[in-house]
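To keep things clear, I will list the structure first and then write my remarks on it.
Derivation of every value follows stated rules applied to the coordinates shown; laboratory data play no part. This structure is a prediction, so every number in the text was calculated from the model and none was measured. Note that each Cβ is placed from the backbone with ideal geometry, even for glycine, and that neighbours are counted across all protein chains shown.
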Amino acid sequence: MDSVITKNGTGPLTKLKLKVQQIFARNNNVASVLKVIMLVALCLFIYKKSTQSQQELDETLVFLAQPKVDDIYFLDFRVLSDSLRPKEKYRVAKVVDITGDVVTLLYGNMFYLRQQSLKDSIRYGQLRYQDYFEAKRYDLSLEELQAMHTSGAIYMIKRPDQNMLYGNYINDPEPAIDSSLFIPGKRENFQGLTLLTSTYIENNYQQAFDYFSQSAELGFAQGQVNLGQMYLNGQFVEKDLSQAMHWFKQAALQSDKSGVLKYVIVCRQVSSCQEGDFFQELNYAGVNIKVREVDFKLQ
């Protein structure tokens, strides 16, 4: 068939070869385009991941410097302990209280092999399990938390939005409370809290202080705790540890748990304060308290 030549010098076989070459060239072009598309997609993926990582790092540094209750700390516990089992690597902690520069954490009871498994545990609502968090509280200063982040023990911090993180609640939604019940100081405390978090009222700290003072004088325990917090943090008023401790104690004497815990945290920062005397006073007042691992005994 090669001997069959047309007038323009091409035979049937030659045409077939040209057709095959055109097909290969077209396929090569398609392959090249696909390679370019895959390369661009890979670059975009890497850029997105690096941008996301940088954003998470920036958020972590902000949350570390300005912690809030319910912040979730992601821990690489291998940095903190050398006695873990092979599959025990990652752990979660939650901020449950902030007293001045002291942040109180609860550690989760569960360990995870992979970081993604830890995220999935939050997505599936495990943080709301009854015994998910340990009962033991860890009081850590901002400097200690910063050191944990520098060492890699805290590798990420997330802040829930309206009690939700990764699409699930981190705390059980609080049931609606009957607001018709009158409790002296409750309304003033609520108004103080609203003003304290306001960003559009110029003298919001002053007004919040006034409302918390009214609430505290009326004997409302949470108002007393919030007033003590303002003295402790130096918000509107000059920082005054004695006044902070006074109001924390008043709340504690009403069996308010936050008042007890906050008083103890501040007491440990004051050389003249005796923690044992405080618990003894609560005991005499009939406050039902549980004291763990202390070096004194209540009479």
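Things worth noting here:
- The convex hull of the Cα atoms of the stretch 115-269, projected and averaged over all directions, covers 11.8 nm².
- In summary, the convex hull built on the alpha carbon positions of the stretch 159-231 has an orientation-averaged projected area of 6.3 nm².
- Cβ-derived FRET efficiency at R0 41 Å, Leu84 paired with Ala41, nearest 0.05: 0.60
- Burial ordering of Ile37, Ile265, fewest other beta-carbon atoms within 10 Å first: Ile37, Ile265
- Calculated FRET efficiency for the pair Gln274/Tyr169, C-beta based, R₀ 45 Å, to 0.05: 0.65
- Spacing of the two label points (7 Å from each Cα toward its C-beta) at Val62 and Ala135, in nm: 3.8
- Directionally averaged projected area (the stretch 66-112, Cα convex hull): 3.6 nm².
- Order of Tyr200, Tyr138, Tyr166, Tyr284 under a 10 Å beta carbon neighbour criterion, fewest first: Tyr200, Tyr284, Tyr138, Tyr166
- Taking other Cβ atoms within 10 Å as a rough exposure proxy, Ser121, Ser271, Ser151 sort from fewest to most as Ser271, Ser151, Ser121.
- Note on the stretch 67-169: percent of Cα-Cα distances in each 5 Å bin, starting at 0 and stopping at the bin with the largest distance, equals 2, 13, 23, 27, 21, 11, 2, 0.
- Taking θ as phi - 60° and the Karplus parameters 6.51, -1.76 and 1.60, the scalar couplings of the stretch 265-280 work out to 4, 6, 4, 5, 9, 10, 4, 7, 8, 10, 4, x, 4, 5, 5, 5 Hz in sequence order, x denoting glycine and proline.
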